[in-house]
Amino acid sequence: MNKQQWLCITPDYYGALEKRREVRAGLITLGGATLEEPVREGQPMKINGSVLIVEADTEEEVRKCLERDIYYTAGIWDAKK
């Protein structure tokens, strides 16, 4: 069976930006931040979550992968959303 690709949008808890910057070690090879507003020159990005593409056979496999991610274990992503 061929693996499916899963687009995962994972919102952060409010105010998690500093913690996000502390814990990310560059482990995600395809993904990025979602922003509250477009980037403005001279201003820091207002990151409010992440978007990832995960290759897996099942949704359960994707969820387990996300639950091991540093942003999940460090309390940055709001798993209820």
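Using a cutoff of 8 angstrom between alpha carbon atoms and counting only pairs six or more residues apart, the relative contact order for the chain works out to 46 percent. Taking each residue as 0.36 nm, the span from Tyr72 to Glu36 lengthens on full extension beyond its C-alpha to C-alpha distance by 11.0 nm. If you model the chain as an ellipsoid using its alpha carbon gyration tensor, with each semi-axis the square root of five times an eigenvalue, the axes come out at 24, 14, 11 Å, biggest first.
Considering only the other residues whose Cβ falls under 10 Å of the Cβ of Thr58, what net charge follows from Lys and Arg at +1 and Asp and Glu at -1? Net charge in that neighbourhood comes out at -1.
Bear in mind that the values in this text are calculations on the coordinates, not laboratory data. Because the structure is predicted, anything quoted here is derived from the model rather than measured. Backbone-built Cβ (ideal geometry, glycine too); neighbour counts: all protein chains shown.
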